[in-house]
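The structure under discussion appears below in the form of C-alpha cells.
The values are calculated or read from the model by the stated rules, or taken from the named source; none is laboratory data. Note that the structure is predicted; figures quoted are calculated from it, not measured. Ideal geometry is used to build each Cβ from the backbone, glycine not excepted, and the neighbour counts take in all protein chains shown. Please note that ligands, DNA and RNA were not included when accessible areas were found on the heavy atoms of the full protein model with its side chains. Shrake-Rupley method; radii C 1.70, N 1.55, O 1.52, S 1.80 Å.
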Amino acid sequence: MRKFLYLIFIAALFTGCTESKRYNPKPSGDDKGDQSETTNPPTDTNPPSTTNPATNSPFTVKLDIAPQMVNTAVGHDTLFLVYTEKADLILNKEEYESSSAVHFKEDFSKSSLANFHYAALNGNGDYVTDYVDDNLNNVKIKTAATVDVDGKAMIKLSLERVFIFFKAYKQRPLAVEAQTNILKADRDSITFSSYIYDKKNYDTTKTTLPLSYVKVD
C-alpha cells in the first residue's frame, strides 16, 4: 500500500493532471460505457490487419501523436519514470457512432521502459501494476469532441493517461546511475496502434514516435 501511495504522489508531482476531469468515449453499440479490467469484450476473435493511415478504407483511425517525453526522478533507492501518454485519434463520426469500441495500444519494446514494471489507473480509478486496458470504452480520456475536417464531421478523441514506471535498486547511487544511463538514450521509440471494433476488428493503423527522457529530480 505504501508503494502505491508513493506512486500516486510521484504522478501528481510530475504531471499535475491525474486528477483533472476527463470524459469517456461511448460509441453506440453493444460495447458501451465503463467496464472493469476483468471484462473481456468480444474483440479478439478476428486479429486486425494493418493498414496505411493514408488510405480511405472503412473505419480507419487516423493517429495524430507528437514525440513523447518521460520525466525521470530518483526517490530513495528507486528510479521513477513518469510517462504521460498524449495522443489524438481522428475517426469518421458515423463510423465511430456505429462501432462498439475503439482500441488503442502502445508498444514499449523499443524503449528503456520495457525493462521496468509500471503502475497505471484502470477504469475504476485504481492503480494496477503492469496492466493497461486498450479498449477506450474503459479508459478515462481528456476529451471526445466533434470536429470539422475538410467539411466532414469527425470525432477527435484526445487521450491522456499516466504510466509510472519504477525499479528499486540496492542502493541510491545505483538508481542514480541507471537514471544517468537512461537520459543518454537517443534511439528509444514507442509504436502506437489503433483499430475500431464493429462486429469485427477493422484494419489497424500504426505509427512510431521517438521517446526522450528528462531529469526532474
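For this structure, a couple of remarks:
- In segment 154-187, the residues that are under 25 Å from L63 (Cα atoms) and either of a type in the set (D, E, K, R) or touching a His at 6+ places or on another chain (Cβ under 6 Å) (or both): K156, E160, R161, D186, R187
- As a summary of the residue check, G125 satisfies the conditions (1) modelled with pLDDT of 95 or more; (2) exposed (fewer than 12 other Cβ atoms within 10 Å of the Cβ) except for the one numbered (1).
- Extreme residue, modelled with the lowest pLDDT, among residues of segment 133-155 that are open to solvent by less than 30 Å² (accessible area, probe 1.4 Å) and of a type outside the set (S, T, N, Q): I141
- Every residue from segment 112-138 that is of a type in the set (S, T, Y) and over 12 Å from the mean Cα position of the chain (by Cα): S112, Y118, Y127, T129
- Pick from segment 123-154, criterion charged (D, E, K, R) and free of Cβ contacts under 8 Å to residues at least 24 places away in the same chain, ranking: farthest from F104 (Cα to Cα): D150
- Number of residues in segment 76-89 that are open to solvent by less than 30 Å² (accessible area, probe 1.4 Å) and more than 14 Å from the chain's Cα centre (by Cα): the value is 4.
- Matching residues in segment 162-190 - criterion: being open to solvent by 70 Å² or more (accessible area, probe 1.4 Å) and part of a helix (DSSP H, G or I): R172, P173, L174, E177, N181
- Evaluated against (1) of a type in the set (A, V, I, L, M); (2) touching a residue at least 24 places away in the same chain (Cβ under 8 Å); (3) assigned to a strand (DSSP E or B); (4) surrounded by fewer than 19 Cβ atoms within 10 Å (Cβ to Cβ), A66 falls short on exactly one condition, (3).
- In segment 97-122, of all residues being polar (S, T, N, Q) and closer than 26 Å to F59 by Cα, the one that is most open to solvent (accessible area, probe 1.4 Å) corresponds to S98.
- Residue match in segment 39-55 (condition: surrounded by 14 or more Cβ atoms within 10 Å (Cβ to Cβ), at pLDDT below 95 and of a type in the set (A, V, I, L, M)): no
- Test: residue in segment 204-217 that is in contact with a helix residue (DSSP H, G or I) (Cβ under 6 Å, 6 or more places away or on another chain), surrounded by 15 or more Cβ atoms within 10 Å (Cβ to Cβ) and either free of Cβ contacts under 8 Å to residues at least 40 places away in the same chain or not acidic (D, E) (or both): yes
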